[in-house]
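S.K.: Quick one: the structure is below, questions incoming.
The values are calculated or read from the model by the stated rules, or taken from the named source; none is laboratory data. A quick note: this is a predicted structure, and the numbers were derived from the prediction, not measured. Note that we place each Cβ from the backbone using ideal geometry, even for glycine, and neighbour counts take in every protein chain shown. When the accessible area is computed, the model is the full protein with side chains, heavy atoms only, and any ligands, DNA or RNA have been set aside. Shrake-Rupley method; radii C 1.70, N 1.55, O 1.52, S 1.80 Å.
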Amino acid sequence: MIKIAILSIGNEIVNGDITDTNSSYIAKKLRQYNYDIGAIYALPDKIDVIKDTIEELSKNYDVILTTGGLGPTFDDLTTKACALAAKQRIKLKKELYQPLIDTIKSKGVKLKISHLKQIYLPENAIAIPNDHGTSPGFYMKINRALVMSMPGVPFEMKHMFEQYILKMIKKLYPQPNIYRYDLKFARLPESDMDDFIRSQQFDSVNIILNAMSGELAVRLSST
């Protein structure tokens, strides 16, 4: 089974200033196609933390998906962290220059030198188009993992994920069809359901228990 990790990067997430909706969105989408998420991390805008996390996870995971830290400002550090983890230089991707200029002009924004930071990528990275923003995504190999980096703005991230990254994952790591069924019970203690499940043989069925206010959900999935 393919192992996938998600990294959501930004001080605003770690500090609790905003809710990390990107990770939950990605995880739900991937689960629809029978991909399990092995881990989700929230990381601050600290280059050593980002670099060390990617470097360590890349030894054990097949795919690492990152969101955030691709913009033009001082605290956008994901690209540099990926380069350091891969022991590569940052290189200007000339083919991205004109699309960046065109996008900035279309938004009525004055071009600044800092904008060019967004088209400097690790030398072996391949850019992923951002159809709704100025920061392209990219993917590259680091150790065992295919690292795929997306912007943190949810609207930009969702489009990039659906149009490019999800399709790439499905092509590179095809999965069998998965079948799901959810059961919901009222006034049934979670411990009673746990006892019942333990007494049965469900070797080929994945089971998740979700206790909520007033009800218990039993989520079944299998190939």
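S.K.: Using Cα springs under 10 Å in a Gaussian network model of the chain, which residue among 136, 176, 154 shows the largest mean-square fluctuation?
M.R.: 176
S.K.: Over the chain, what is the mean sequence separation of C-alpha contacts under 8 Å (at least six apart), divided by residue count, expressed as relative contact order in percent?
M.R.: Relative contact order comes out at 19 percent.
S.K.: What does the charge add up to near residue 33, with Lys and Arg as +1, Asp and Glu as -1, over the other residues with Cβ less than 11 Å from its Cβ?
M.R.: Result for the neighbourhood of residue 33: +4.
S.K.: For a protection proxy built on the mean count of beta-carbon atoms within 10 angstrom, sort 193-202, 51-60 highest first, please.
M.R.: With the highest mean Cβ count within 10 Å placed first, the list reads 51-60, 193-202.
S.K.: Relative contact order, percent, of region 1-129 when contacts are C-alpha pairs under 8 Å separated by at least 6 residues?
M.R.: 26
S.K.: In region 109-174, what percent of the accessible surface is made up of carbon and sulfur (1.4 Å probe, ligands and nucleic acids excluded)?
M.R.: That share works out to 59 percent.
S.K.: Please name whichever of 15, 111, 151 sits farthest to the positive end of the charge dipole of region 1-156, dipole taken about the Cα centre and charges placed at Cβ: Lys and Arg +1, Asp and Glu -1.
M.R.: 111
S.K.: Under 20 Å Cα-Cα from residue 184, which aspartates and glutamates qualify once same-chain neighbours fewer than 8 residues away are excluded?
M.R.: 192, 194, 195, 215
S.K.: Now, a different point. Specify the inter-centroid distance of region 100-161 and region 1-39, based on alpha-carbon positions, in whole Å.
M.R.: If we compute the Cα centre of each part, the gap is 19 Å.
S.K.: In terms of modelled amide H atoms, which long-range or inter-chain residues lie less than 5 Å from the amide H of residue 173?
M.R.: Correct list: empty.
S.K.: Can you compute the charge dipole magnitude of the chain about its Cα centre, using +1 on each Lys and Arg Cβ and -1 on each Asp and Glu Cβ, nothing else charged? Give it in debye, rounded to the nearest 20.
M.R.: The calculated dipole for the chain is roughly 1020 debye.
S.K.: Could you order 31, 180 so the one with the most accessible surface comes first? Probe is 1.4 Å.
M.R.: Heavy-atom accessible area, descending, gives 180, 31.
S.K.: May I ask for the angle, rounded to the nearest 10°, between helix 21-31 and the longest principal axis of the chain, with both axes built from Cα atoms and the value confined to 0 to 90°?
M.R.: Orientation of helix 21-31: about 60 degrees from the principal axis.
S.K.: Given the chain, report the % of alpha carbon pairs whose separation exceeds 22 Å.
M.R.: 57
S.K.: Separate question: At 1.4 Å probe size, put 49, 153 in order of accessible surface, largest to smallest.
M.R.: Ranked list, largest accessible area first: 153, 49.
S.K.: Determine the alpha carbon to alpha carbon distance for each of 93/158; 87/171; 80/158; 28/105 and list only those over 30 Å.
M.R.: Distance filter (> 30 Å) returns 28/105.
S.K.: Placing +1 on the Cβ of each Lys and Arg and -1 on the Cβ of each Asp and Glu in the chain, which of 77, 122, 221 has its Cα farthest towards the positive end of the resulting dipole?
M.R.: Going by the Cα projections, it comes out as 122.
S.K.: Counting pairs of alpha carbon atoms under 8 Å apart in space and at least six apart in sequence, what relative contact order in percent does region 108-221 give?
M.R.: Value for region 108-221: 17 percent.
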